[in-house]
Amino acid sequence: MRLDDEQESSNFEIQRGGSGGFGGGMGGGGGNLLGMLLPMIGSKFGCGGIAVVVLIMMVMSGGGGLLSSLGGLTGGMTGGGQAGVETSRNAAELTPVQRTSLQILGSTERRWADIFAEQGQKYPAPTLVFYDRNGMSGCGAAQSAMGPFYCPADQKVYLDTEFFDEMKSRYNVPGDFPMGYIIAHEVGHHIQTITGLSNKVRAAQQKASEAEGNQLQVRMELQADCYAGVWAARDENLMEPGDLEEGMKAAHAIGDDTLMKGAGRAPVESMFTHGSSEQRMRWLKRGLETGDPAQCDTFSIAAGQL
């Protein structure tokens with residue numbers, strides 16, 4: 001990516017000193033069982049339920065650390081806390097990779113501000129919170145095992161930047177464009193929140209069966225992928241040769257079917273919550289090719305055509 005001319009966002013926080021601890025339950029039908037498990041379940045599975053918990057356990061047994069990434073907290077996890085968390089907004093404390101992350105965030109702010117302005121609206125940008133292993137969000141405890149996530153309760157994106165190193169070393173997803181894709185995907189969940197879509201989906205999930213709730217979550221995630229593509233398409237100076245291929249490789253690596261296979265399990269479509277590798281690649285590419293958020297309406301498409 002060409003980021004040299006991109007101004008860093010000033011919407012950031014740095015958390016230090018988190019010591020761990022988990023919160024209470026999550027909304028969306030998971031009940032007390034989910035409340036006893038790692039918050040990473042909340043970051044990926046907004047609708048909860050026994051089948052989803054079983055999937056998490058299966059994939060974790062195969063070392064699927066990326067399973068919970070690119071999720072966005074759509075389940076409304078609450079409660080719990082981190083002892084001794086301190087927050088700073090001192091730019092002098094930023095690491096090089098954090099500065100790059102803020103350049104990407106700044107780019108999303110400008111692109112989405114333009115899109116909202118086209119509709120006569122003002123774009124309220126999210127805050128990017130950096131933490132090291134343990135932190136605290138408005139949705140409960142933040143842990144690096146959760147991967148990057150968005151918390152709708154405080155409208156902030158949470159990121160332990162060591163995640164990017166894991167993508168390169170463990171999942172063979174190199175390059176800088178995957179960084180942009182990941183952050184822009186979480187910003188996509190912010191778009192869904194401020195436009196009211198997230199609340200509608202959570203309400204529908206609470207009335208739905210497990211499979212139906214998962215299908216709604218897939219639509220949420222694929223739309224966020226498409227929104228990430230829209231951001232990249234709108235920043236005309238951003239893309240370099242090879243960026244598209246890097247993005248497709250990252251999207252493929254985090255498809256539900258690929259993660260299940262990597263854990264030694266047969267893919268079960270009814271348990272998908274983010275979409276298959278093919279779907280994730282296709283919707284990211286759709287956003288990249290059109291640059292039009294209206295083309296990201298995953299909710300008006302029949303399930304078999306997602």
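One table, with the values for the structure above:
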| item | result |
| --- | --- |
| Residue 113 vs. criteria among the aliphatic types (A, V, I, L, M) and under 17 Å from the mean Cα position of the chain (by Cα) | no |
| Hits in region 125-139 (condition: under 16 Å from the mean Cα position of the chain (by Cα), over 22 Å from residue 103 (Cβ atoms) and either crowded, with 24+ Cβ neighbours inside 10 Å or among the aliphatic types (A, V, I, L, M) (or both)) | 137, 139 |
| Looking only at region 257-295, and only at residues there that are more than 16 Å from the chain's Cα centre (by Cα) and β-branched (Val, Ile, Thr), the one that is farthest from residue 114 (Cα to Cα) | 268 |
| Matching option when the condition is surrounded by 21 or more Cβ atoms within 10 Å (Cβ to Cβ) and either within 17 Å of residue 108 (Cα to Cα) or free of Cβ contacts under 8 Å to residues at least 60 places away in the same chain (or both), among 218, 230 | 230 |
| Some residue of region 218-238 being farther than 30 Å from residue 3 by Cβ and of a type outside the set (Ser, Thr, Tyr) | yes |
| When residues of region 273-299 are limited to those that are assigned to a helix (DSSP H, G or I) and of a type in the set (Ser, Thr, Tyr), the one nearest to residue 212 (Cα to Cα) | 298 |
| Subset of region 157-175 (residues that are buried (at least 18 other Cβ atoms within 10 Å of the Cβ) and either part of a helix (DSSP H, G or I) or charged (D, E, K, R) (or both)) | 160, 163, 164, 167 |
| Pairs where the first residue, in region 128-139, is free of Cβ contacts under 8 Å to residues at least 60 places away in the same chain and under 16 Å from residue 155 (Cβ atoms) and the second is aliphatic (A, V, I, L, M) and surrounded by fewer than 22 Cβ atoms within 10 Å (Cβ to Cβ), C-beta under 9 Å, 6+ apart | 138/153 |
| Of residues in region 195-210 being outside any helix (DSSP H, G or I) and without any contact (Cβ under 8 Å) to a residue 60 or more places away in the chain, the one surrounded by the fewest Cβ atoms within 10 Å (Cβ to Cβ) | 196 |
| Unmet criterion (only one of (1) out of contact with any Phe, Trp or Tyr (no Cβ under 9 Å at 6 or more places or on another chain); (2) assigned to a helix (DSSP H, G or I)) for residue 244 | (1) |
| Of residues in region 157-168 being closer than 18 Å to residue 87 by Cβ and out of contact with any Cys (no Cβ under 9 Å at 6 or more places or on another chain), the one modelled with the lowest pLDDT | 161 |
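The values are calculated or read from the model by the stated rules, or taken from the named source; none is laboratory data. Predicted model only: the values in this text are computed from it and were never measured. Note that each Cβ is placed from the backbone with ideal geometry, even for glycine, and that neighbours are counted across all protein chains shown.
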